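Only one structure is covered here, and it is reproduced in the block below.
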Amino acid sequence: MTTETAKHLAPGGEQSVPAPVEVPPVGEEVNLDARENYFNRELSQLQFNYRVLKQALDTTHPLINRLIFCCIFSSNMDEFFEIRVAGLRQQMKYGRETVNADGMMPEQALADISRVAHEYIREQYDILNNVLIPEMERENIHFVRRREWTPEQAEWVRNYFDEEILPVVSPIGLDPSHPFPRLVNKSLNFIVELDGKDAFGRETGMAIVPAPRSLPRLVRLPDDVCNGGENMVFLSSMIHAHADELFPGMEVKGCYQFRLTRNADLELEDDLEDLASALRGELLSRRFGDGVRLEVADNCPQELVQFLLTEFGLSERDLYQVHGPVNLTRLLAVGGLVDRPDLTYSGFSPSIPRQIRSKESMFDSIRKRPILLLHPYENFSPVVDLLRQAAKDPQVLAIRQTLYRTGADSEIVEALADAARRGKEVTAVIELRARFSEAENLELASRLQEAGVIVVYGVVGYKTHAKMILIVRREEGRLRRYVHLGTGNYHAVNARLYTDYSFLTCDESIGDDVNKLFQQLTGMGKALKIKKLFHSPFTLHTCLLSLIEREAGLGSKGRIIIKFNALTELQMIKALYRASQAGAKIDLIVRGVCCLRPEVPGLSDNIRVRSIIGRFLEHTRVYYFGNNGRPEVYASSADGMERNLLSRIETAFPIEDPALVARLREDLDTYLADNCQSWVLQPDGSYIQNQPAEGDDRLASQLVLMERLTSKP
């Protein structure tokens with residue numbers, strides 16, 4: 001690796017950005033509608049993906065987890081092309097171009113995306129080939145290439161090919177009776193260059209070999225054919241090595257990997273009679289949407305590359321020639337194939353607050369005082385325990401819950417099914433259109449219905465993204481409502497990987513609000529008056545704008561801290577600009593997309609934006625307003641995006657207990673003090689990773705929270 005490359009790959013430093021943006025001169029009146037005041041959404045998303053990639057170079061992460069970050073970058077890029085790039089291409093295809101506040105037309109956005117994405121993906125493979133793989137080899141972990149196979153390994157591969165691959169692979173020769181096959185989205189395929197005639201006298205010269213989807217892309221070699229260490233071989237290498245066996249009697253002149261990414265967004269009409277049936281049909285078409293990106297091995301001859309581009313209706317801009325496997329996401333399997341706990345994050349035990357650690361019921365604990373949990377540092381099990389106890393408690397009459405991403409085999413689903421079988425009134429509002437979880441949610445709906453749960457699919461045209469549980473219990477001759485509200489999904493696996501808040505309360509007003517929200521979701525009628533919660537698409541947007549404006553009215557005494565995943569909604573950005581101009585101090589902790597330009601003189605002098613990237617995916621949404629010394633704090637399921645604030649079912653719920661308010665502020669201050677896992681957004685759109693000042697200790701917010709919350713006596 002050259003010195004220049006090593007410098008480019010070094011962790012930290014300034015991030016590559018699409019293009020510089022002019023900063024208005026100090027003193028010049030700022031037009032809030034001027035396009036230079038906003039960053040492009042898609043390019044901002046690419047920069048978040050790049051921050052994830054840079055974790056692969058951060059040696060404070062264990063080596064295998066650094067490889068996993070490299071894979072997550074690939075997964076993020078897949079979704080980016082499937083949804084965001086596909087959406088821009090659809091706009092152009094149907095002549096429906098829209099221009100956002102940044103003023104960039106889809107054609108220009110696609111051109112910039114291509115340029116930046118190519119740069120980032122080249123760097124990804126540079127990191128993989130020149131940093132991660134050599135470091136893994138030093139740890140005696142090897143991806144064994146074909147040219148490195150020993151005779152014993154080659155014999156084992158041949159047997160594996162004959163027994164596991166050959167029986168399930170389906171090579172497709174291209175001729176008039178065998179047109180180019182319809183390849184599944186993101187599947188691994190090979191284009192094979194042939195010479196000679198087959199048994200029928202055909203000599204087409206080309207064939208396509210789809211890699212069997214049932215087979216692992218990475219296979220561990222047995223220890224008895226290796227000289228120690230952990231040794232793995234790619235499925236693609238095995239197919240390359242024995243491609244000639246797929247075409248007996250013909251010469252294989254070349255075999256090259258490729259992978260097509262397709263449009264995977266689902267389009268459903270708003271006037272459907274049966275959402276579930278329509279969705280099942282759309283899921284089949286998702287696998288075969290229009291092509292949006294072609295990945296090809298960089299040794300593939302140009303004439304074959306052009307053939308593939310023509311076949312898929314793509315241009316050179318959509319072509320990514322890569323030096324390595326085209327399906328890097330499959331390298332996530334390394335974590336399960338390699339037994340090296342010293343190269344992965346050490347485990348930890350999420351804590352359970354003392355308030356609910358006793359053997360008394362969850363209902364008794366919640367009645368004493370509201371409970372706030374921060375996952376994954378604090379255990380998700382109390383949420384599951386609440387539902388389990390509710391299912392078995394003869395005093396519980398009804399349970400209602402929203403489900404966005406859960407998993408059909410989860411403990412929560414089992415608890416709901418158990419409650420229904422015990423004769424309780426159980427209603428599940430399942431959002432079938434949770435992106436990439438649609439099939440799982442259809443299965444979930446069927447399972448719950450079989451158990452007797454009333455299943456509804458929310459409101460057509462408005463995704464149900466709110467996270468709510470309502471339990472109605474008879475106590476001392478009256479009914480009491482117990483509520484869980486969360487910032488994340490009811491998914492136990494995600495609760496170990498994402499940071500999210502869970503709030504458990506029996507506050508009467510909140511219980512009444514949640515009951516009314518369920519009435520709106522399952523029934524019909526006018527929007528009901530809500531006391532404490534903000535909810536979209538009705539009050540959330542306007543209430544948040546009002547709170548921002550109130551802080552603006554306090555001038556230099558105004559204080560706003562907001563933590564969420566994305567900020568794109570124009571009116572909220574303008575309100576924050578106005579608050580900054582009025583003197584309010586504003587800190588935004590935005591994990592991903594941010595279209596607001598911070599620290600611009602006269603526009604956003606008082607706004608600082610940072611992104612936290614670390615071991616866990618930051619997913620909490622918190623809105624903190626100083627209110628002149630009487631802080632108001634809301635946790636929420638909603639980000640600062642148009643879809644969340646204006647066209648989804650979302651909630652923001654108040655945290656009113658003084659101790660919990662202080663705890664939330666302490667959490668936020670921990671993120672703001674982070675000096676090594678935080679990236680600061682610059683006025684020109686670049687991000688710079690914070691580094692400890694000379695003499696200062698490293699302060700990684702996630703590590704601080706882990707030590708604070710998982711080490712309780």
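The values are calculated or read from the model by the stated rules, or taken from the named source; none is laboratory data. Note that this is a predicted model, so its numbers are computed, not measured. Note: ideal-geometry Cβ built from the backbone for every residue, glycine included; neighbour counts use all protein chains shown. The accessibility values were calculated without ligands, DNA or RNA, using every heavy atom of the protein model including side chains. Shrake-Rupley method; radii C 1.70, N 1.55, O 1.52, S 1.80 Å.
I need the full set of residues from the stretch 651-681 which are more than 25 Å from ARG597 (Cα to Cα) and basic (Lys, Arg), in order please.
ARG663
Could you grab me the full set of residues in the stretch 370-397 that are in a strand (DSSP E or B) and β-branched (Val, Ile, Thr)?
Passing the criteria: ILE371, VAL396.
What about ARG286, is it open to solvent by less than 60 Å² (accessible area, probe 1.4 Å) and modelled with pLDDT of 90 or more?
In short, no.
Does ASN159 count as outside any strand (DSSP E or B), over 18 Å from GLU245 (Cβ atoms), at pLDDT 90 or above and not aromatic (Phe, Trp, Tyr)? Working first, answer last.
Details: outside any strand (DSSP E or B): yes; over 18 Å from GLU245 (Cβ atoms): no; at pLDDT 90 or above: yes; not aromatic (Phe, Trp, Tyr): yes.
When the stated conditions are applied, ASN159 does not pass them.
Could you check the stretch 514-573 and list, in sequence order, the residues that are touching a residue at least 40 places away in the same chain (Cβ under 8 Å), assigned to a loop (DSSP other than H, G, I, E, B) and more than 24 Å from THR670 (Cα to Cα)?
Answer for the stretch 514-573, where residues must be touching a residue at least 40 places away in the same chain (Cβ under 8 Å), assigned to a loop (DSSP other than H, G, I, E, B) and more than 24 Å from THR670 (Cα to Cα): LYS532, LEU533, PRO537, LEU554, THR568, GLU569.
Going through the stretch 477-513 one residue at a time, which ones are among the aliphatic types (A, V, I, L, M) and touching a residue at least 60 places away in the same chain (Cβ under 8 Å)?
The answer is LEU479, LEU485, ALA492, VAL493, ALA495, LEU497, LEU504, ILE510.
For (1) of a type in the set (S, T, N, Q); (2) part of a strand (DSSP E or B); (3) open to solvent by 20 Å² or more (accessible area, probe 1.4 Å); (4) in contact (Cβ under 8 Å) with a residue 60 or more places away in the chain, each residue gets a yes or a no:
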residue	(1), (2), (3), (4)
VAL633	no, yes, no, no
ARG643	no, no, yes, yes
GLU650	no, yes, no, yes
PHE653	no, yes, no, yes
LEU664	no, no, no, yes
ASP667	no, no, no, yes
TYR671	no, no, no, yes
ASN675	yes, no, yes, no
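Kindly indicate the residue of the stretch 393-416 that is more than 18 Å from PRO382 (Cα to Cα) and among the hydrophobic types (A, V, I, L, M, F, W, C) and also farthest from the chain's Cα centre (by Cα) among those meeting that condition.
The extreme case among them is LEU397.
Has the stretch 474-485 got at least one residue that is basic (Lys, Arg), part of a loop (DSSP other than H, G, I, E, B) and within 18 Å of ASP385 (Cα to Cα)?
no
Considering only the stretch 457-484, how many residues are over 19 Å from SER536 (Cα atoms) and surrounded by fewer than 22 Cβ atoms within 10 Å (Cβ to Cβ)?
10
When you check VAL590 against the structure, is it in contact with a Leu (Cβ under 6 Å, 6 or more places away or on another chain) and within 24 Å of ASP667 (Cα to Cα), yes or no? Lay out the reasoning, then the answer.
Numbers: in contact with a Leu (Cβ under 6 Å, 6 or more places away or on another chain): yes; within 24 Å of ASP667 (Cα to Cα): yes.
Yes.
Going through the stretch 92-108 one residue at a time, which ones are surrounded by 17 or more Cβ atoms within 10 Å (Cβ to Cβ) and assigned to a helix (DSSP H, G or I)?
PRO106
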